Structure formats: structure tokens, C-alpha cells
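Read through the structure below, which is laid out as C-alpha cells, and then see the notes.
The values are calculated or read from the model by the stated rules, or taken from the named source; none is laboratory data. Please read all numbers here as calculations on a predicted model, not as lab measurements. Using ideal geometry, Cβ is built from the backbone for each residue, glycine included, and neighbour counts are taken over all protein chains shown. SASA here: full protein model, heavy atoms, side chains in, ligands and nucleic acids out. Shrake-Rupley method; radii C 1.70, N 1.55, O 1.52, S 1.80 Å.
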Amino acid sequence: MRWLHTSGTPGLTLEGEIPSDIAEQSELAWRHILVMLERAHMQVSDIVKVTQYLTRAEDIPAYAQVRQRYLGDACPASMLLVISQLVWPKILVEVEIIAAAP
């Protein structure tokens, strides 16, 4: 069995910029997750656990829409926490995953 553990992945642009919108940050975070999966020769269906950190409870619906688009039919164990702040105050979301594949 091969395992992939990612650290918290924020929604930053490749230039290191932080969009102000939760949907945009969520899109970027999930795109970065897909790149990591691809580089590990894995796919979304290999994700066994997702841990998500949001800094505002009101962002849950917008985040959930983006998450659903990326996960599709995959149904990993999931934990979502609403916390007061991430390392950089402008970051609204971080996502970490654990994936497993034969």
C-alpha cells in the first residue's frame, strides 16, 4: 500500500497571492491537492481522509460546493474545523488529505 499525507494546503496562487474570496481560495487549495495526487500517481478516489480548516463558519456552504465538485462520488472520512485564524490572517481555508493506493 502506498500512502500520501499532505500538510495543510491553503488556497494560494502560484505567485503566492491570497485571493480574498473563499470560493477562489477553496478552488486553489483543491487544485493543489489534485496536483499532489497526480504526482503520486493517485486519484481522488484514493483519498481516505480529509481535514479542512475554515476561519469563518459562514463560508461553510461556499466551501462545501467547491469540495463536492472536486470529490464527486468519493466519500472519504472527513473533519471540518472552524478556527479563529490560520498562520496568515488572509488565509480562509486549508485542506489536508490522506490518500492510499495499492
Neighbours of ALA29 by Cβ distance under 11 Å: Lys/Arg at +1, Asp/Glu at -1, summed charge -2
What residues have an amide H closer than 5 Å to that of VAL93, excluding those fewer than 5 places away on the same chain, when H is modeled at 1.01 Å from N in the peptide plane? GLY11
Degrees separating the helix 60-71 axis from the principal Cα axis of the chain, which is the longest one: 20
Let me check I've understood the local charge: for VAL93, count other residues with C-beta under 12 angstrom from its C-beta, Lys and Arg +1, Asp and Glu -1. What total comes out? -3
For a quick check of understanding: with a 1.4 angstrom probe and all protein chains in place, what accessible area in square angstrom does ILE18 have, to the nearest ten? 50
Which order do the peptides 38-44, 49-55 take when ranked by the mean count of other beta-carbon atoms within 10 Å per residue, highest first? 49-55, 38-44
Carbon plus sulfur, as percent of the 1.4 Å-probe accessible area of the chain, comes to 55
Can you tell me the accessible area per residue over the chain, all protein chains present, probe 1.4 angstrom, in square angstrom? 58
Read-out volume of the Cα convex hull per residue in Å³, derived from the coordinates shown; its label in (1) 108; (2) 87; (3) 181: (2)
Using modelled amide H (1.01 Å from N, peptide plane; none on Pro or chain starts), what sits under 5 Å from the amide H of GLN43, excluding residues fewer than 5 places away? none
FRET efficiency for CYS75 and GLU24, Cβ-Cβ distance as r, R0 = 22 Å, nearest 0.05? 0.30
Local net charge near TYR63, Cβ-Cβ under 12 Å (Lys/Arg +1, Asp/Glu -1): -3
Rounded to 5, percent antiparallel among DSSP beta bridges of the chain: 70
Near the amide H of SER78, under 5 Å away, which other amide H atoms are found, from residues 5 or more places off or on another chain, if H is placed in the peptide plane? VAL50
I want to check the label-to-label distance for ALA64 and LEU34. Put each point 7 Å from Cα in the C-beta direction and report it in nm to one decimal. 2.2
For the chain, calculate the relative contact order in percent as a whole number, restricting contacts to Cα pairs under 8 Å that are 6 or more residues apart. 45
Could you size up the charge dipole of the chain around its Cα centre, putting +1 on the beta carbon of Lys and Arg and -1 on that of Asp and Glu, and report it in debye to the nearest 20? 280
